[in-house]
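Accompanying notes for the structure given below.
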């Protein structure tokens, strides 16, 4: 397995994307209620270099030799990529080697830092998040690391949007009972109008969350928000629902996942080890199997297990 690259992964937002994970698992500035990767274990706002950039670029060079088609090269994964102080250097190097656009999926918490803004300016697409404007709501739903406030996040988004030449697709994750009050939604709308992103993408819970108090918003609520936020480029994010939506669908991988779950319930971490695939890639197949009711989830303690729906 590659150490830092995963995919290409089919994405509803970005098409065929090669993922680049430059952060240790669950190293993040936030500990969001709804995170599908689980609770943050390294809760920090300190930027640093986590590994040799030479190793990553060697992996990337090997991938380019495959000639695989890509819509985007995406810095993402299971942590906050802007915590890596090498991200600006990596973006520039990659853009010198390929014409494929570079995207960065970020929670936006460090955009108030001039050095982070400088690092991301050479990318083609930024996908930041904004789940709350009120400080109490921000702390409830996002659980920020010390030193991070809602005001800093908002000011960073505003400042960056004035300088950035690429597109900004702003994600707003709605959790019922946390950030869905009329007052908070109106505050979020007002801030979005000041940021002026190219897209606003509404999302909600459809996988087991890190914390049990996270509640799905439901499609009706998301539709209501779309109607209320008139004049904004709002769309609702949906996840993969069928095999046809997964380019290069692997029947062997699907069978491998099902056959292992039949023997005993497994966590996503178990499936990663058994299949040698990345978490995000496996979750695409899990989405389809859940939709078809072939598998179901079961929470035991703080772990999420996947098991067959029969028996």
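Where a number appears in this text, it was derived from the coordinates with a stated rule and is not lab data. Fair warning: this is a prediction, and the values are worked out from it, not measured in the lab. All Cβ positions, even for glycine, are placed from backbone atoms using ideal geometry, and neighbour counts span all protein chains on display.
Table for the structure above
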read-out: Sorted by Cβ neighbour density within 10 Å, fewest at the top, the residues 219, 112; value: 219, 112
read-out: Ellipticity estimate at 222 nm from DSSP helix runs (n ≥ 4, -39,500 (n - 2.57)) divided over the chain, nearest 500; value: -10500 deg cm²/dmol
read-out: Packing-based order for 93-103, 119-129, 194-204, using average beta carbon neighbours within 10 Å, highest first; value: 119-129, 194-204, 93-103
read-out: Contact order relative to length of the stretch 5-238, as percent, for alpha carbon pairs under 8 angstrom and 6 or more apart; value: 20
read-out: Peptide ranges 131-140, 168-177 listed from the most packed, as the mean C-beta count within 10 angstrom indicates; value: 168-177, 131-140
read-out: Debye equation applied to the C-alpha atoms of the stretch 5-238, log10 I(q)/I(0) at 0.14, 0.16, 0.17 Å⁻¹; value: -0.89, -1.17, -1.33
read-out: Antiparallel bridges, percent of DSSP beta bridges restricted to the chain (to nearest 5); value: 35
read-out: Spacing of the two label points (7 Å from each Cα toward its C-beta) at residue 98 and residue 213, in nm; value: 4.1
read-out: Radius of gyration, Dmax [the stretch 119-240; alpha carbons; angstrom]; value: 14.2, 39
read-out: Relative contact order %, the stretch 98-206, counting alpha carbon pairs below 8 Å whose residues are six or more apart; value: 30
